[in-house]
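Working notes for the structure below.
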Amino acid sequence: MIELRQETSADCWEVEALYDLCFAPGREALSSYRLREGVDPVAKLSIVARDEMNILAGAIRYWPVDVSGQRVLLLGPVAVHPTHQGEGLGGSLMRHSIELARETGWKHVMLVGDEPYYHRFGFRRLTGVFMPPPTNPERVLGLELVPGCWLGVAGDVRKVDV
Ligand SMILES: CC(C)(COP(=O)(O)OP(=O)(O)OC[C@H]1O[C@@H](n2cnc3c(N)ncnc32)[C@H](O)[C@@H]1OP(=O)(O)O)[C@@H](O)C(=O)NCCC(=O)NCCS
């Protein structure tokens, strides 16, 4: 039985180790990390999944970013330990955190990722929203938690003022 709960400071290094395991070396050189530097993740939406032995099976985090003066959620990283991949846990982390984002009043969610995976959660290509280079524009995806909310929200994705 896997339990989802909010990440605490005690989870932090295990989550980092999971991300190191699941992503290619040098993940912190990705442009999305420039937008996260010095900015706290959104605590309520940072979720860990632990098994019955309390071993970390998956994690998801979100950061706030700015697009043309609009505060937007940048989803990720999300990762599931290789021993648990394909069991639906990634989907559970996605749906649970997206529902929490909706409940806590967020409207816009974006990410950089594989459209074939994220399409199932409602993410679609975001044209007119530009991540810092180098980012493949085809991987810039958005989700509307309020219908039509991305209309008119365009431009460069910037780090929020802290
Ligand atoms: C992507 C990831 C979080 C998915 O977690 P998961 O628990 O394995 O996902 P689920 O069990 O909910 O869903 C599995 C389905 O997603 C598909 N899928 C997984 N990764 C995919 C990808 N990159 N592109 C397309 N489909 C993908 C699987 O083929 C499977 O499809 P099916 O339902 O048709 O059989 C996990 O594979 C992972 O941690 N990968 C490494 C890190 C990573 O790439 N993170 C995402 C950054 S873009």
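Below are the figures for this structure:
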item: Hits in segment 73-91 - residues which are more than 9 Å from the ligand (Cβ to nearest atom) and crowded, with 22+ Cβ neighbours inside 10 Å; result: Leu73, Leu74, Leu75
item: Residue among Val39, Val112 that is in contact (Cβ under 8 Å) with a residue 12 or more places away in the chain and within 12 Å of the ligand (Cβ to nearest atom); result: Val112
item: Condition check for Ala101: touching a His at 6+ places or on another chain (Cβ under 6 Å), open to solvent by less than 10 Å² (accessible area, probe 1.4 Å) and either in contact (Cβ under 8 Å) with a residue 12 or more places away in the chain or not basic (Lys, Arg) (or both); result: no
item: Hits in segment 139-162 - residues which are closer than 17 Å to Gly76 by Cα and either open to solvent by 80 Å² or more (accessible area, probe 1.4 Å) or touching a Gly at 6+ places or on another chain (Cβ under 8 Å) (or both); result: Arg139, Leu141, Leu143, Glu144, Arg158, Lys159
item: Qualifying residue in segment 64-72 (condition: touching a Pro at 6+ places or on another chain (Cβ under 8 Å) and either more than 18 Å from Asp11 (Cβ to Cβ) or open to solvent by 10 Å² or more (accessible area, probe 1.4 Å) (or both)); result: yes
item: Given (1) within 27 Å of Gly38 (Cα to Cα); (2) open to solvent by less than 90 Å² (accessible area, probe 1.4 Å); (3) of a type in the set (A, V, I, L, M); (4) not in a helix (DSSP H, G or I), index of the condition Met94 fails; result: (4)
item: Flag for Ala24 being surrounded by fewer than 13 Cβ atoms within 10 Å (Cβ to Cβ) and at pLDDT below 95; result: yes
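The values are calculated or read from the model by the stated rules, or taken from the named source; none is laboratory data. For clarity, every value in this text was computed on a predicted model and none was experimentally measured. Cβ atoms come from the backbone with ideal geometry, glycine included; neighbour counts cover every protein chain shown. Ligands, DNA and RNA are stripped out before the accessible areas are found, and what is left, the full protein with its side chains, is counted by its heavy atoms. Shrake-Rupley method; radii C 1.70, N 1.55, O 1.52, S 1.80 Å.
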